[in-house]
Amino acid sequence: MSTESKFGEYGGQYVPEALMPAIEELTDAYERYVRNNEDGFMDEFRERLADFGGRPMPLQRADQLSARYDTEVYLKREDLLHGGAHKLNNALGQVLLAKYMGKERIIAETGAGQHGTATAMAAAHLDMPCEIYMGETDIARQRPNVFRIRINGAEVNPVTAGRGTLKEAISETMRDWSQSVENTHYVIGSVVGPAPFPAMVRDFQSVISAEAREQIQEKYGDLPDSVLACAGGGSNTMGTFSEFVDDESVGLYAVEAGGSSLAVDENAGVAPNSATLSTGDEGVLHGARTKLLQDTDGQIMESHSISAGLDYAGVGPELAYLVDENRVEAVNIGDDAALTAFHRLSQDEGIIPALETAHAFGYLEQHHDSLGDCVIVNVSGRGDKDLETVIEETENRDLPIAPDMSLFRTLGGGPQ
Amino acid sequence: MSLEKAFADEPAFVPYLAVGDPTYEQSLAYVEALADGGADVIELGLPFSEPIAEGPTIQEAIVRALDGGMTPDRFFEFVEELDVDVPLVCMTYYNLIYQYGEGVGAPADAPRPFVKRAAEAGIAGFVVPDLPPEEADPLREACDEFGLDLVFIVAPTTKGERLETMQELVSGYVYVQARLGTTGAREDVSDQTDQSLARVADWDVPKAVGFGIKTGEHAERIIRAGADGVIVGSALVDIVAAGHEQGEDTAVVADQLREKAAELKDGALAGAAARSQSS
């Protein structure tokens, strides 16, 4: 792994001048505390991940799925991490780093609300004031997480610009940071943004693959043939892949949201998907050169996915680079298949996954024949936050696997 | 006329408007009104969908312009159609510069096609808020090839080696950011201005101060502090926004802009007069 600011042509630091000193200060802190464990930073981080976060997370054999697909399927249970998703690994690392840097205030953006929740929890745990920027659309579809953020004592600042999703929230948080850099740390939620964020967030998340790589050798006696993770911005993806990148025999599959269609409506400025790695073009967004969903002029498209956490028009620069280098295969799964996989995992294994996570299982369902004898799938988060969406979207579709949703109507528990 | 010359004889008034806000035709009238009112250089904003350096005022102007159908090609047509005789600077974000050219995706020789087209249209230089000097070599090269200037923004936090790199790469003028934060008109003018100006005092390009300047008095104070020019954006965009919301005639809004421009230019001149008296 490296701390470099560029991954091939990708990465870099395309930010307003006012942010550059903060970026330089952060780069220095990242080198000292994260890379070189100065003042025992990494020791304290690991201890807090264990005591507060509950690490290590199990690697569990999925008995029913293994039988169904005639493949050894192992689940990396990040859904069991405190907060219900992998996001705490990064949020706790960055809030702790902010403390070591002497910052007094935390800001963050959030899409699905998972990163906002994790940051609010970490900030409460470490006694730091915290404000979360969240798009209005996301606030409406992720209400439970909004409440969790507030209950943890953080502010939620609604973002009304654009379509009110993750990219607008990131822009707004950068604006806040550009006037508050001296005492504020911006806890970015994915492996995106200007250097050193992509490398630093990957390092905090790489605990996922560090554990999984050891666990699979204990349980299965060998490395897996394939590793699957869903990909939006790419933090769980890079965390799940990073320790396997040098194992050339291990296939790495980044499963993006195919949404309702991979086609693009240029006139409306809308891509009804978030398949940036599969269909995007190189460009510059939010501080980094990477692959983007954009029109021919370079205006950023509104992306779409049934899952708010994958709904982003950019992707981490290192992931874009690994795809170009043919080390990571970019694949995608549409809304329908993701929803089917959501029900499959819930019914077969008793694990209700986040809709983001369900995309990885959608790929497993469709392509298990070509993934080898042993597959690890990262269960990046649990699905409690998505139940309202799932009930609504399942009712709108004729999915053979879905339970009879009329129950919700007769009990008065669902949309009429 | 070159950018630098626009600052030579007297303090320059440098207004900004987002091109196409709220429509192409209205925007033409508004920019021409600023020139009538005494603008020495005009910064023309080419709207980008993710303007991370802008505050709410200019962000909303950009949304109105994009909704009105503004694109890079329409922007260049606009520049060609404008009837003003002051140098024009294009202010935009790097992705639009980088993507410009034939077909899908960035052209192999990006950002050259954008700079070439800008030069043909009559643009004199660029301000690119998300392009720090570390990433600016390709754009600087293309600017050199076509004889365009590349303006950098010096923030209150810019120091040391980065300041030196900028000094090497800058041409036209240096945009001195008066305070931290995004663009937007404020009631007070920051004390950070004096310190910021001091840090670029030995640069051989004109120093224009921007961020938060709203009135003739502000302009006077900035010029008295030693600046060669004042950059004003949000206070002018506010006039466009109010006119749009109230459904005012284009001519009425243009008159308001002309008057505001004259107030700011007069303030700058008064600042210069006060400076020469005290020296």
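The values are calculated or read from the model by the stated rules, or taken from the named source; none is laboratory data. Model, not experiment: these values are computed from the prediction. Note that each Cβ is placed from the backbone with ideal geometry, even for glycine, and that neighbours are counted across all protein chains shown.
Tell me yes or no: at least one residue of the stretch A:153-164 is within 25 Å of A:Met301 (Cα to Cα), touching a Pro at 6+ places or on another chain (Cβ under 6 Å) and not basic (Lys, Arg).
No, the stretch A:153-164 contains no residue that is within 25 Å of A:Met301 (Cα to Cα), touching a Pro at 6+ places or on another chain (Cβ under 6 Å) and not basic (Lys, Arg).
Looking at (1) more than 14 Å from every other protein chain (Cβ to nearest Cβ); (2) surrounded by fewer than 23 Cβ atoms within 10 Å (Cβ to Cβ); (3) out of contact with any Leu (no Cβ under 9 Å at 6 or more places or on another chain), can you tell me which one B:Ala6 breaks?
All conditions pass for B:Ala6, except number (2).
Being over 20 Å from A:Asn273 (Cα atoms), in contact with a Ser or Thr (Cβ under 7 Å, 6 or more places away or on another chain), away from chain B (no Cβ under 12 Å) and not basic (Lys, Arg) is the requirement here; does A:Asn145 meet it? Break it down into steps so the answer makes sense when it comes.
Numbers: over 20 Å from A:Asn273 (Cα atoms): yes; in contact with a Ser or Thr (Cβ under 7 Å, 6 or more places away or on another chain): yes; away from chain B (no Cβ under 12 Å): yes; not basic (Lys, Arg): yes.
Yes, satisfied.
Among the residues of the stretch B:93-109, what is the count of those that are within 10 Å of another protein chain (Cβ to nearest Cβ) and at negative phi?
Let us first name the residues in the stretch B:93-109 that are within 10 Å of another protein chain (Cβ to nearest Cβ), namely B:93-106.
Filter once more, keeping what is at negative phi: B:93-100, B:102, B:104, B:106.
Number of matching residues: 11.
Of all residues in the stretch A:76-92, how many are in a helix (DSSP H, G or I) and either of a type in the set (A, V, I, L, M) or over 14 Å from the mean Cα position of the chain (by Cα) (or both)? Let's see the steps before the verdict.
If we filter the stretch A:76-92 for residues that are in a helix (DSSP H, G or I), which is where we start, we get A:78-80, A:87-92.
Imposing the further condition that a residue be either of a type in the set (A, V, I, L, M) or over 14 Å from the mean Cα position of the chain (by Cα) (or both) reduces the set to A:80, A:88, A:91-92.
Number satisfying all stated conditions: 4.
If a residue must be under 21 Å from B:Val14 (Cα atoms) and within 14 Å of chain A (Cβ to nearest Cβ), how many such residues does the stretch B:132-151 contain?
Total satisfying the criteria: 2.
When only residues in the stretch B:110-131 that are among the hydrophobic types (A, V, I, L, M, F, W, C) and at the interface with chain A (Cβ under 10 Å from one of its Cβ atoms) count, which is surrounded by the fewest Cβ atoms within 10 Å (Cβ to Cβ)? Reasoning before the result, please.
Quick first cut of the stretch B:110-131, residues among the hydrophobic types (A, V, I, L, M, F, W, C) only: B:110, B:114-115, B:118-119, B:121, B:123-124, B:126-128, B:131.
From what is left, the residues that are at the interface with chain A (Cβ under 10 Å from one of its Cβ atoms) are B:110, B:114, B:128, B:131.
Details: B:Ala110: 21, B:Phe114: 27, B:Val128: 23, B:Leu131: 28.
Here the answer is B:Ala110.
Return yes when A:Glu172 is of a type in the set (Asp, Glu), within 25 Å of B:Phe211 (Cα to Cα), within 18 Å of the chain's Cα centre (by Cα) and within 13 Å of chain B (Cβ to nearest Cβ) and no when it is not. Write out each step before concluding.
Working: of a type in the set (Asp, Glu): yes; within 25 Å of B:Phe211 (Cα to Cα): yes; within 18 Å of the chain's Cα centre (by Cα): no; within 13 Å of chain B (Cβ to nearest Cβ): yes.
Criteria not met by A:Glu172.
Return the residues of the stretch B:89-105 that are surrounded by fewer than 23 Cβ atoms within 10 Å (Cβ to Cβ) and in contact with a helix residue (DSSP H, G or I) (Cβ under 6 Å, 6 or more places away or on another chain); say none if nothing qualifies.
Correct list: B:Gly101 only.
Listed here are the residues, each with its yes/no results for (1) free of Cβ contacts under 8 Å to residues at least 12 places away in the same chain; (2) assigned by TED's automatic domain parsing to the domain that holds A:Ser190; (3) buried (at least 17 other Cβ atoms within 10 Å of the Cβ); (4) aliphatic (A, V, I, L, M).
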position: A:Glu218; (1), (2), (3), (4): yes, no, no, no
position: A:Ala231; (1), (2), (3), (4): no, no, yes, yes
position: A:Phe241; (1), (2), (3), (4): no, no, yes, no
position: A:Asp246; (1), (2), (3), (4): yes, no, no, no
position: A:Ala254; (1), (2), (3), (4): no, no, yes, yes
position: A:Ala257; (1), (2), (3), (4): no, no, yes, yes
position: A:Leu262; (1), (2), (3), (4): no, no, no, yes
position: A:Asn267; (1), (2), (3), (4): yes, no, no, no
position: A:Ala275; (1), (2), (3), (4): no, no, yes, yes
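Residues of the stretch A:262-289 being touching a strand residue (DSSP E or B) at 6+ places or on another chain (Cβ under 8 Å) and away from chain B (no Cβ under 14 Å), which ones?
Hits for the stretch A:262-289 are A:Leu262, A:Pro272, A:Asn273, A:Ser274, A:Ala275, A:Leu277, A:Ser278.
Which ones in the stretch A:279-322 are at positive phi and touching a Phe, Trp or Tyr at 6+ places or on another chain (Cβ under 6 Å)?
Listed by number, the list holds a single entry, A:Gly287.
Within the stretch A:93-206, considering only helices (runs of 4 or more DSSP H) that don't extend past its boundaries, which have at least 2 residues that are crowded, with 24+ Cβ neighbours inside 10 Å?
Values: elements: A:114-125, A:136-141, A:143-151, A:166-180, A:197-205.
Here the list reads A:114-125, A:143-151, A:166-180, A:197-205.
Can you run down the residue pairs with Cβ atoms below 8 Å, 6 or more apart or on separate chains, where the first is in the stretch B:48-62 and more than 9 Å from every other protein chain (Cβ to nearest Cβ) and in contact (Cβ under 8 Å) with a residue 12 or more places away in the chain and the partner is surrounded by fewer than 24 Cβ atoms within 10 Å (Cβ to Cβ) and part of a helix (DSSP H, G or I)?
B:Thr57/B:Asp238; B:Thr57/B:Ala241; B:Ala61/B:Ala241
Which of the helices (runs of 4 or more DSSP H) contained wholly in the stretch A:1-72 include at least 2 residues that are within 14 Å of chain B (Cβ to nearest Cβ)?
Working: elements: A:20-29, A:41-51, A:63-69.
Those helices (runs of 4 or more DSSP H) span A:20-29.
For the stretch A:352-382, enumerate the residues that are more than 14 Å from the chain's Cα centre (by Cα), touching a residue at least 60 places away in the same chain (Cβ under 8 Å), surrounded by 19 or more Cβ atoms within 10 Å (Cβ to Cβ) and in a loop (DSSP other than H, G, I, E, B).
Result: A:Leu371, single match.
For residues that are among the acidic types (Asp, Glu) and within 12 Å of chain A (Cβ to nearest Cβ), tally how many sit in the stretch B:152-175. Break it down into steps so the answer makes sense when it comes.
So the first thing to find is which residues in the stretch B:152-175 are among the acidic types (Asp, Glu), and the list is B:161, B:164, B:168.
Those still in the list that are within 12 Å of chain A (Cβ to nearest Cβ) too: B:161.
Within the stretch B:152-175, residues that are among the acidic types (Asp, Glu) and within 12 Å of chain A (Cβ to nearest Cβ) number 1.
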